Amino acid sequence: MRNVLIASFYTLPAIALAVLLPEVPLLAMPGWGAGLLLLTLGGLVQTGLSLGAVRASSERQLEVLAHELAVTRQDLDAAREELSRIREQIDEMPDSGHVVAELKVLQGLLGQLSAKTPERSKNKAPAAKKSDDLGLPAVAAAESPGEPLLLIDDAEVLTIVEQALREDRVDLYLQPIVKLPSRKRQFYECFSRIVDDRGRVITPEQYIPLAEEAGLVAVIDNMLLFRCIQLVRRAVRGQPNLAFFCNISNGSLTDVDFFTDFIEFLADNQKLIPNLYFEFEQEAITDPTYETQVNLQRLQNLGFHFSLDQVRTLDIDLPHLADLGFKYIKVGAHMLHELARGDDPQLDMRRFKGALDRCAMDLIVEKIESEDMLLDLLDLKIDYGQGYLFGEPRPTTQPAK
């Protein structure tokens, strides 16, 4: 309608000029020529107006398309994030091989635990006995750090330990290992704590003497080691840069049946290699049994590295340890002070550190509990420190079931 009205403004005058005026004096041309000129000019003007309208409409459409494209990009980014999250969840889901290996270890551990239970019931005193010869309970457990101790009978402790292992009530406690002198947290040492159905923590000091008497120590060591690896695997999800030290007792290392299944379990979790270092007591490494040598080699073949713990002497064959896969040596603060300080030190710290460096090994000094102790040790150019000065063992945010 708009175009018809515009056309009428120049079409009708053009017709009038052509019909009514034989000649237009102003333009010095006949009427029909003036009419044709007016029609041409009017058409050009209408075409220009139409092109302007088309351009404005196109610009509006482009703005709408740009907005829709921006919305589509946001939706695409959100879809990519969701896809990435789903992929991570799929990666975290164990495949059938992982499940079979894990269940095989658990089956063996529960079999060991069941085999030991009758022996315990025969050798232990009846559960009705509630106190020792002095009339006082043998051990105690805390509801949480800092709370009053609750009294627990010996027989109840072993029952709690056995049930906790069966029902996966094992908490992972972590203590930081810091880089010195910056004190930046670099690693965490893992400690397993058994929890009863009321949330009370039973510490190793409380149950180990009773477990030794009942013949349960090896079973407990194996179960706690396996649980520790499971908990570390959960802890590194979403935090791939975390690294942990996990102790393997000599009993677990020489338990052929358990360790065969454990190696198979680790083989299915080799992505933990950058996040996990295994600790071994010096005594087990310096005087190894055949089983110890074989199992160390199997761990090394998988790609895992080790730390030497419970060090009693620094008369160590460092190149041999390096060949076995050891990357760290952990020494007590008091022991290092006695050996390397004073007027007549027994240890040349500069030579010892140089030997460690040549073997690509680092020194961790543990049980640092005061600033004065740390200042004394920093003069020895130690690499890492651990102790209550830098943080006590604390439970992870992943609670026991």
Within region 350-373, of all residues that are free of Cβ contacts under 8 Å to residues at least 24 places away in the same chain and under 16 Å from residue 389 (Cβ atoms), the one surrounded by the most Cβ atoms within 10 Å (Cβ to Cβ) is 370
The condition of being of a type outside the set (Asp, Glu) and closer than 14 Å to residue 245 by Cβ holds, among 352, 304, only for 304
Within region 374-401, residues assigned to a loop (DSSP other than H, G, I, E, B), surrounded by fewer than 15 Cβ atoms within 10 Å (Cβ to Cβ) and at pLDDT below 90 come out as 379, 381, 397, 398, 399, 401
How many residues of region 298-321 are open to solvent by less than 60 Å² (accessible area, probe 1.4 Å) and closer than 22 Å to residue 259 by Cα? The answer is 10
Counting only residues in region 175-194 that are closer than 14 Å to residue 232 by Cβ and hydrophobic (A, V, I, L, M, F, W, C), the one most open to solvent (accessible area, probe 1.4 Å) is identified as 191
**Prompt:** Is one or more of the residues making up region 180-193 assigned to a loop (DSSP other than H, G, I, E, B), modelled with pLDDT under 85 and within 28 Å of residue 363 (Cα to Cα)?
**Reply:** no
Note: among 329, 364, just one is aliphatic (A, V, I, L, M), modelled with pLDDT of 95 or more and out of contact with any helix residue (DSSP H, G or I) (no Cβ under 8 Å at 6 or more places or on another chain), namely 364
Within region 322-349, residues in a helix (DSSP H, G or I) and surrounded by 21 or more Cβ atoms within 10 Å (Cβ to Cβ) come out as 333, 336, 340
Q) Just wondering, is there one or more residues in region 311-331 that are more than 23 Å from residue 277 (Cα to Cα) and touching a residue at least 24 places away in the same chain (Cβ under 8 Å)? A) no
Over region 355-400, the set of residues of a type in the set (Lys, Arg) and over 22 Å from residue 305 (Cα atoms) is 367, 381, 394
Just a yes or no: is a residue in region 322-329 of a type in the set (D, E, K, R) and over 26 Å from residue 263 (Cβ atoms)? no
When region 47-80 is checked residue by residue, the ones that are open to solvent by less than 90 Å² (accessible area, probe 1.4 Å) and among the basic types (Lys, Arg) are none
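The values are calculated or read from the model by the stated rules, or taken from the named source; none is laboratory data. The structure displayed is predicted, hence computed values, not measured ones. Note that we place each Cβ from the backbone using ideal geometry, even for glycine, and neighbour counts take in every protein chain shown. Note: areas computed on protein heavy atoms with side chains; ligands, DNA, RNA excluded. Shrake-Rupley method; radii C 1.70, N 1.55, O 1.52, S 1.80 Å.
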